[in-house]
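Everything below concerns the one structure shown next.
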Amino acid sequence: MIKRTEYLSKNYGKPEGWSLATYEAGGGYKSAKKALGMSREAVVEEMKKAHIRGRGGAGFDAGTKWSFMPKESKKPHYLVVNADEGEPGTFKDRTIMEQNPHALVEGCVIGCRGIGANAAYIFVRDELHLAKARLWGAIEEARAKGYLGARPFGVDYPVEVYVHTGAGAYICGEETALLNSLEGRRGEPRLKPPFPAQVGAFGCPTTVNNVETIAIAPTVFELGGDAFSQLSELHPLNDGGVRLFGVSGHVERPGIYECAVGLTLRELIYELGGGILGGRELLAVIPGGSSCPVHRADEIVSLPKDDRFAPWQGKSLLDLPLGVDTFRSAGSMLGTCCAIVLSDAVDPVLATHNLIKFYKHESCGQCTPCREGCGWIERILDKVVHGTATLDELDQITEIASNITGNTICAFGDGAAQPMLSFVSKFRPAFEDYVRTGGKSQTRTLEA
Amino acid sequence: MPFALSDELERELERIRARYPNAMAACIPTLHLCQDANHGWVSDEVIQFVATRLGLSPAHVKGVVTFYSLFNEERPGKHQVWVCRTLSCALRGSGSLLEHCEKKLGIRSGETTKDGKITLRTAECLASCGSGPVMQVDKTYHEGLTPARVDEILDRLLAD
Ligand SMILES: Cc1cc2nc3c(=O)[nH]c(=O)nc-3n(C[C@H](O)[C@H](O)[C@H](O)COP(=O)(O)O)c2cc1C
Ligand code: SF4
Ligand code: FES
């Protein structure tokens, strides 16, 4: 169901919408003040009630993650905000940082209180120069007003917020790679355990959260955790509140739309997105960033026999509410909730070829299955599009991708394998056609 | 000639260092600062400078530089242009856009024009997927591009 909301996006597109004056006119910074007056435990409890499933892609419950931080420790704690936003198709966090930076800064104050930290680092990918400038601007405005620093709002709980910059590497979005990068090292993922809550930034307990997860925290403390969660149609599945939905590719109105959780792909594509570009038909959709499996327009969902899922049993996948558990149970992945839409003008083989180039380029190279596997698949797909591959080699794509899955240090490997496995199995005839006709029968392209 | 920062940038370096509990964490922001001050690239002298200033081994700094795609190990053109090639932009025509740039500039992606004005490269997803095709020029994004708009932008850079 479409339920548009404006908690994060109210001032998007307004002149000076990112300034402190605008933010405070809308009630800004009251939540941070409130949270600083609460005990750490109470802050975490409120966050748990909100049932915010991490907005960075893995969908882990935010309040629960905060509760993993040690109750007592001699070392400092850190909040690290993941603003690396590099997942293909994902462009939501950038809108927050550029157009509502104070929500993120205020969220950092609340997050620091919740996890017992006195400092937050916002790790922004280097390319987002405007986002970094707006964040620094917001931090300075907030500090000048006494909302940050040694005694924010006069409370004896120091909070500092810093912007840190990356240097071009998708893998730094993976939380442990991000920590290495923050520490001034190569951005290679770390083996887990230890988890960041034990040994994170600078060897200290650390929580890594996505930009949107933190930026929505002020809304939670404004409405109350339970009321926030209930905004969602999937509140009964502990998937609460509102979030930013994105849609790109072949729709008439690509963009970011804030809605209550419970929106469907059909609504995102056809209503918010204005339908398929040029009045064409939908070929396929990748629900939440390129590392999710692709889905054909005609897929029907089969969910676990569980009353909670009964309403959607046997329906089109396009009518399944976009939720962490709904999509996971349907054999998909919600990811970042930013869908990539492919019209029937698209050649799915070329789309697969485009994606493997991304993964080959971005693999950090630590694990053999990921480093070599992405390279092997790329070489096979090069042959496929040049019309020199064999049917055996198509099967090899599936075999190689299956061998990456589950055999690597970080989830990048799975993220690279998912699109390969799903594209090749769901569009097998198109791949075979390339093999049979040497690619000559293809009239479709990537561009529509 | 050894690399050095102006007094103003030295103060900026101090501000960067003060943000972190140790000097190594300042490595990447410091490299950006120095790269910007060194015509857009990280020379051996810059590596030596950063290593000395932050008390790191040059090998560590070199390892960092080679890992990240935005540190240049060779001097780029006066302006750097990146065309996003990833899926959402490709669906919106970034392939043709890149070809258009290559033809107009007479170079292939990865190369620099003879007059040293423009280095053309592809980028992976720039977090602007809803407004593709997208191109980053130095520190600015240009979104929803058409060939005419690209010509305008490139002409301005070539004339600079
Ligand atoms: C390869 C890879 C890239 C990732 N990129 C991002 C990213 O750009 N932004 C992000 O918030 N999370 C990203 N993640 C997920 C993070 O590892 C982590 O789960 C997330 O930041 C946690 O925040 P959340 O719990 O608030 O969602 C990535 C994960 C992987 C494996
Ligand atoms: S799975 Fe790939 S990206 Fe992740 S650590 Fe291994 S090689 Fe690096
Ligand atoms: S695909 Fe080009 S900005 Fe994301």
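The values are calculated or read from the model by the stated rules, or taken from the named source; none is laboratory data. The model shown is predicted, which means the values in this text are computed figures rather than measured ones. Neighbour counts run over all protein chains shown; Cβ positions are idealised from the backbone, glycine included. Accessible surface areas use protein heavy atoms only, side chains included; no ligands, DNA or RNA. Shrake-Rupley method; radii C 1.70, N 1.55, O 1.52, S 1.80 Å.
Rounded to the nearest 20 debye, the dipole size of chain B about its Cα centre is 320 debye, using +1 on the Cβ of Lys and Arg and -1 on the Cβ of Asp and Glu. With contributions of -39500 (n - 2.57) from each DSSP H run of at least four residues, the per-residue ellipticity at 222 nm computed over chain A stands at -11500 deg cm²/dmol.
Take the Cα of B:Gln48, step 7 Å toward its Cβ, do the same at B:Thr146, and the gap between the two points is 5.3 nm.
Taking chymotrypsin sites (Phe, Trp or Tyr not before Pro) across region B:23-117, the ones in a DSSP loop with at most 16 further Cβ atoms lying within 10 angstrom of their Cβ are B:Trp41. With the cut-off at 1.5 for a/c, could you classify region A:187-233 from its C-alpha gyration tensor as rounded, prolate or oblate? The shape class here is prolate.
Farthest toward the dipole's positive end in region A:153-278, which of A:Gly241, A:Val159, A:Cys259, given Cβ charges of +1 (Lys, Arg) and -1 (Asp, Glu) about the Cα centre? With unit charges placed on the Cβ atoms, the residue in question is A:Val159. Note on the protein assembly as shown: dipole from Cβ charges, positive end direction compared against A:Ala120, A:Val294, B:Pro58; the farthest Cα belongs to A:Ala120. Dipole check for region B:7-67: with +1 at the C-beta of Lys and Arg, -1 at the C-beta of Asp and Glu, and the Cα centre as origin, the magnitude is about 300 Debye. Of the residues making up region A:424-448, those losing 10 Å² or more of accessible area when the isolated chain is joined by the remaining protein chains, with a 1.4 Å probe, are A:Leu446, A:Glu447.
Multiplying the residue separation of B:Asn22 and B:Lys114 by 0.36 nm and subtracting their alpha-carbon distance yields 28.8 nm. For chain B, the longest principal axis of the C-alpha atoms and the axis of helix B:7-18 are separated by about 80°.
Sorting A:Leu317, A:Leu391 by solvent-accessible area of protein heavy atoms yields A:Leu391, A:Leu317, largest first, with a 1.4 Å probe.
Looking at region B:36-94, which GluC sites (Glu not before Pro) are in a loop (DSSP not H, G, I, E or B) and have at most 16 other Cβ atoms within 10 Å? Within region B:36-94, the qualifying GluC sites (Glu not before Pro) (loop, at most 16 other Cβ atoms within 10 Å) are B:Glu73, B:Glu74. Annotation: lysines with alpha-carbon distance below 22 angstrom to B:Lys78 (same-chain offsets under eight excluded): B:Lys103, B:Lys104, B:Lys114, B:Lys117, B:Lys139. Comparing Cα centroids, region A:229-245 and region A:260-293 end up 19 angstrom apart. Across chain A, C-alpha contacts under 8 Å between residues 6 or more apart give a mean separation that, scaled by the residue count, equals a relative contact order of 16 percent. If r is the Cβ-Cβ distance from B:Lys103 to B:Arg11 and R0 is 35 Å, what FRET efficiency results, to the nearest 0.05? The formula returns an efficiency of 0.20 here. Of the solvent-accessible surface of the protein assembly as shown, computed with a 1.4 Å probe and all protein chains present, 51% belongs to carbon and sulfur. Between region B:9-41 and region B:130-160, the C-alpha centres lie 29 angstrom from each other. Computed from backbone phi with θ = phi - 60° and the Karplus coefficients 6.51, -1.76 and 1.60, the 3J(HN,Hα) list for region B:124-141 is 8, 2, 9, 6, 9, 4, x, 10, x, x, 10, 9, 9, 10, 6, 10, 10, 8 Hz; x is used for glycine and proline. Which value, in square angstrom to the nearest 100, describes the accessible area buried between chains B and A on both sides, using a 1.4 angstrom probe? Approximately 3800 Å², summed over both chains.
Counting only lysines at least 8 places from A:Lys10 when in the same chain, those with an alpha carbon closer than 19 Å to its own are A:Lys30, A:Lys92.
Of the trypsin sites (Lys or Arg not before Pro) found in region B:70-160, the ones in coil according to DSSP and having at most 10 other Cβ atoms within 10 Å of their Cβ are B:Arg108, B:Lys114. Overall shape: prolate for chain A, with the ratio a/c of the largest to smallest alpha carbon gyration tensor axis at 1.5 or above and a/b above b/c. Residues of region B:124-148 whose accessible area (probe 1.4 Å, heavy atoms of protein chains only) drops by at least 10 Å² once all protein chains are present, relative to their chain alone: B:Glu124, B:Cys125, B:Leu126, B:Ala127, B:Cys129, B:Gly130, B:Gln136, B:Lys139, B:Tyr141, B:Glu143. The stretch between A:Glu372 and A:Lys440, if pulled fully straight at 0.36 nm per residue, gains 21.5 nm over its current Cα-Cα span. Listed by number, the DSSP H helices of chain A that run 18 Å or longer by alpha-carbon position along their axis and have mean Kyte hydropathy of at least -0.5 are A:101-115, A:129-144, A:348-362, A:368-385, A:391-404, A:412-426.
One chain, two ends: A:Ser302 and A:Leu391. Fully extended at 0.36 nm per residue, the span grows by 29.0 nm beyond their Cα-Cα distance. Around the Cα centre of the protein assembly as shown, unit charges on the Cβ atoms of Lys, Arg, Asp and Glu (plus for the first two, minus for the last two) sum to a dipole of about 700 debye. Straight-line reach from A:Lys305: taking Cα to Cα under 30 Å and skipping same-chain neighbours fewer than 8 places apart, the lysines in range are A:Lys3, A:Lys48, A:Lys49, A:Lys65, A:Lys315, A:Lys426.
Rolling a 1.4 Å probe across the protein heavy atoms gives chain A an accessible surface of 35 Å² per residue. With contacts taken as Cα pairs under 8 Å and at least 6 residues apart, region B:79-159 reaches a relative contact order of 38 percent. Per residue, the solvent-accessible area of region B:79-159 (1.4 Å probe, heavy atoms of protein chains only, all protein chains present) comes to 40 Å².
Helix B:58-67 against the longest principal axis of chain B: what's the angle in degrees, Cα atoms only, rounded to the nearest 10? On a 0 to 90 degree scale, this one is about 20. Near the amide H of A:Arg55, within less than 5 Å, lie the amide hydrogens of A:Asn210, A:Thr213, all on another chain or at least 5 residues away, with H placed in the peptide plane.
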